[in-house]
Amino acid sequence: KPCRVLGVATTMAKQRTALVVEDNALVAMDAREVLALHGFDPIHVFNSAEFAQSAVRDEALVFGLIVTHLHSGDTAHLARQLADRKVPFGFVSDFNNGQDLPAQFRGQPFVTKPYSTNDLTRLLIQLGLIENPCRLAAAR
């Protein structure tokens, strides 16, 4: 029987600051909700790479979710900075195969728009940021 991760609360330790860079307001709100469900707080949401730059530079981030292309430009430089700081991150792609991911990040985990709560939860599990609630439930 497949395990569903939707609606499973996870336990988190202390402050877990997350970054969301997305220019679609509804997608950004959904991402914020899912991250809050998994204990991320605060969650900084930006609709431009320019505005996100200060958070990438100054915040003690534990996770970043970056759309591959913003209306205002490319986000590869933000991904490079997160990678340099060793902050786990994933992309939001417009394509199922991730063909719009920057070339140097083709192996990076991503979700495809439109994505579900379960999709983003799986991304967080893949990055090792939350425990797999299916594995936790099976261990009980």
Handout entry: Segments classed as helices (runs of 4 or more DSSP H), wholly inside the stretch 71-140, with at least 2 members that are within 27 Å of GLU50 (Cα to Cα)
Key = 76-84, 117-126
Handout entry: Sole exception among (1) modelled with pLDDT of 95 or more; (2) assigned to a helix (DSSP H, G or I); (3) surrounded by fewer than 20 Cβ atoms within 10 Å (Cβ to Cβ); (4) of a type outside the set (Ser, Thr, Tyr) for ARG57, by number
Key = (1)
Completion exercise
Taking the stretch 9-28 and the residues there that are of a type outside the set (Asp, Glu), over 20 Å from PRO88 (Cβ atoms) and part of a loop (DSSP other than H, G, I, E, B), the one that is modelled with the lowest pLDDT would be ALA9
Completion exercise
Scanning the stretch 29-54 for residues that are farther than 17 Å from LEU120 by Cβ and open to solvent by 80 Å² or more (accessible area, probe 1.4 Å), the one modelled with the highest pLDDT turns out to be ASN47
Fill in the blank from the handout: If we keep only residues of the stretch 85-104 that are in contact with a Phe, Trp or Tyr (Cβ under 9 Å, 6 or more places away or on another chain) and modelled with pLDDT of 95 or more, then the residue most open to solvent (accessible area, probe 1.4 Å) is PRO88
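The values are calculated or read from the model by the stated rules, or taken from the named source; none is laboratory data. These figures come from a predicted structure and were not determined experimentally. Here Cβ is always computed from backbone atoms with ideal geometry, including for glycine, and neighbour counts include all displayed protein chains. Accessible surface is based on the protein model in full, side chains and every heavy atom, while ligands, DNA and RNA are left aside. Shrake-Rupley method; radii C 1.70, N 1.55, O 1.52, S 1.80 Å.
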